[in-house]
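Enquirer: Following this message is one structure expressed as structure tokens.
The values are calculated or read from the model by the stated rules, or taken from the named source; none is laboratory data. This is a predicted model, so every value here is computed, not measured. A quick note on method: Cβ atoms are made from the backbone with ideal geometry, for glycine too, and the neighbour counts reach across all protein chains shown.
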Amino acid sequence: MGVGPVRRHDFTAIELCAGAGGQALGLERAGFRIAAAVDIDGDSCSTLRNNRPTWCVIQGDLNEIEPVDHDQLDTADLLSCGLPRSPYTIAGKQLAVRDKRDTLRATLDMASYVRPRVLLLESIPTFHTASKFEVEREMVRETISDLGYTSTWGVLSSTDFGVPQQRSHGFVVAMAPSDLAHFAWPSPGDVPCRSLGETLYESMASKGWPEAAVWAAHASGPAPLIMGGATGRGGADLGASRAKAIWARRHVYGGSLGDDVPGPDFRIDLSAEPKYGLVKVTVPQVALLQGFAPDWQLHGRKTSAYRQISQATPPPVAEALGERILAALAHPTGDSPQ
């Protein structure tokens, strides 16, 4: 006897290192019910609780949390984690599991405890390819094998899913062979990717800035990679010198974020000091560039809010991937590993 149509939220997910909720939100949109969202940061947890009061939000260090103390961590169809990016970046010294901020070991331990039908790991693409991360990749492969899963590794580009930013994400999807046989990576969506200027024009013009349309036309193409704001690093800015130079070519000042959009008296002045002659983007605008809806409210001061957004997985990317994972799980011949 066949199964009927899959109802939304028949499948559950636990999200580790949830941050501002980008990956969890995308998985929810795909049809998963978020059974628990875990993060160490208080402001991130407040963001999650304020936007999704029905989610069970657990604040704590993943390296120290005992899952037996939380009933919501007992079981789930999907266990997902957006691994902290800094331990794998050049700016973060690429210390990987030697970085105290890293959660890879704790995530794999949680997978061994929860034994979900699917393990989903997200990180920067170099996690998949850099020779210095081979030890970490072997840790992942060993856990996947111990759990009876097989895996597929892939990279998705945000612009392929309508997110107006040049950003790529590496993913590992692991599940039982009978489930993985029905999994396929998502193809680029049908939604055209708007440019940086098109995405932010409405907000840039909202306070009467007369040059908003001219700026939007100049800021063609997707936004540069949103970066910076890592834990333990400075305040809210758009990254290192090279990144700031790329933003400057879009007439955006990358040394700090704005508190508000430009008003009627502001003018672009390329001869002035960049801090005063270029437009600044605000945290809500950065959230738009990450694919968050305007009504997703971030808790905390500017630096904290930017950190939550800059480290997030864009919800449309997670949604597209979640839909493919859900389709594999819902296939009538799929079964769980023992």
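Enquirer: Go through the range 19-41 and give me each residue that's among the small types (Gly, Ala, Ser) and either in contact (Cβ under 8 Å) with a residue 40 or more places away in the chain or in contact with a Pro (Cβ under 7 Å, 6 or more places away or on another chain) (or both).
Expert: Gly19, Ala20, Gly21, Gly22, Ala24, Gly26, Ala30, Gly31, Ala35, Ala36 - these are the residues of the range 19-41 that are among the small types (Gly, Ala, Ser) and either in contact (Cβ under 8 Å) with a residue 40 or more places away in the chain or in contact with a Pro (Cβ under 7 Å, 6 or more places away or on another chain) (or both).
Enquirer: A follow-up question, please. Hey, does the range 229-243 have a residue that's closer than 30 Å to Glu319 by Cα, of a type in the set (D, E, K, R) and free of Cβ contacts under 8 Å to residues at least 40 places away in the same chain?
Expert: Yes, some residue in the range 229-243 is closer than 30 Å to Glu319 by Cα, of a type in the set (D, E, K, R) and free of Cβ contacts under 8 Å to residues at least 40 places away in the same chain.
Enquirer: Right, another one. Please specify each residue of the range 14-28 satisfying the condition of being under 14 Å from Ile58 (Cβ atoms) and either touching a helix residue (DSSP H, G or I) at 6+ places or on another chain (Cβ under 7 Å) or outside the structural domain of Gly60 (by TED's automatic domain parsing) (or both).
Expert: Once the filter is applied, which keeps residues that are under 14 Å from Ile58 (Cβ atoms) and either touching a helix residue (DSSP H, G or I) at 6+ places or on another chain (Cβ under 7 Å) or outside the structural domain of Gly60 (by TED's automatic domain parsing) (or both), the range 14-28 yields Ile14, Glu15, Leu16, Ala18, Gly19, Gly21.
Enquirer: Does any residue of the range 187-204 turn out to be more than 30 Å from Ala248 (Cα to Cα) and in contact with a helix residue (DSSP H, G or I) (Cβ under 9 Å, 6 or more places away or on another chain)?
Expert: yes
Enquirer: Does Leu270 count as more than 30 Å from Glu323 (Cα to Cα) and either without any contact (Cβ under 8 Å) to a residue 24 or more places away in the chain or in contact with a helix residue (DSSP H, G or I) (Cβ under 7 Å, 6 or more places away or on another chain) (or both)?
Expert: yes
Enquirer: Is it fair to say Gly291 is of a type outside the set (Phe, Trp, Tyr), over 30 Å from Arg115 (Cβ atoms), in contact (Cβ under 8 Å) with a residue 12 or more places away in the chain and out of contact with any Leu (no Cβ under 6 Å at 6 or more places or on another chain)?
Expert: Judged against the criteria, Gly291 is a match.
Quick grid of which residues meet (1) modelled with pLDDT of 95 or more; (2) farther than 22 Å from Gly322 by Cβ; (3) within 18 Å of the chain's Cα centre (by Cα):
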| site | (1), (2), (3) |
| --- | --- |
| Val3 | no, no, no |
| Ala18 | yes, no, yes |
| Arg29 | yes, no, yes |
| Ala37 | yes, no, yes |
| Ile65 | no, yes, no |
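Enquirer: I've got another one for you. Which ones in the range 114-160 are touching a Gly at 6+ places or on another chain (Cβ under 9 Å), within 25 Å of Ala36 (Cα to Cα) and among the β-branched types (Val, Ile, Thr)?
Expert: Ile124, the sole residue that qualifies.
Enquirer: Across the range 267-289, which residue is surrounded by the most Cβ atoms within 10 Å (Cβ to Cβ) among those that are touching a strand residue (DSSP E or B) at 6+ places or on another chain (Cβ under 7 Å) and outside any helix (DSSP H, G or I)?
Expert: Filtering the range 267-289 for residues that are touching a strand residue (DSSP E or B) at 6+ places or on another chain (Cβ under 7 Å) and outside any helix (DSSP H, G or I), the one surrounded by the most Cβ atoms within 10 Å (Cβ to Cβ) comes out as Val281.
Enquirer: Can you name the helices (runs of 4 or more DSSP H) wholly within the range 140-228 that have at least 3 residues being in the same structural domain as Arg250 (by TED's automatic domain parsing) and buried (at least 17 other Cβ atoms within 10 Å of the Cβ)?
Expert: Answer list for the range 140-228: 196-204, 212-218.
Enquirer: Just the residues that are among the hydrophobic types (A, V, I, L, M, F, W, C), in contact with a Gly (Cβ under 6 Å, 6 or more places away or on another chain) and modelled with pLDDT of 95 or more, please, taken from the range 188-216.
Expert: Within the range 188-216, Ala216 is the sole residue that qualifies.
Enquirer: Same structure, new question: Can you find, within the range 67-82, the residue that is modelled with the highest pLDDT among those that are among the charged types (D, E, K, R) and touching a helix residue (DSSP H, G or I) at 6+ places or on another chain (Cβ under 9 Å)?
Expert: Asp77
Enquirer: OK, next. May I ask you to verify whether Thr150 is free of Cβ contacts under 8 Å to residues at least 60 places away in the same chain and over 15 Å from the mean Cα position of the chain (by Cα)?
Expert: Answer is yes for this residue.
Enquirer: Here's something else I'd like to know. Which ones in the range 293-309 are touching a Gly at 6+ places or on another chain (Cβ under 7 Å) and surrounded by 24 or more Cβ atoms within 10 Å (Cβ to Cβ)?
Expert: Correct list: Tyr306, Arg307, Gln308.
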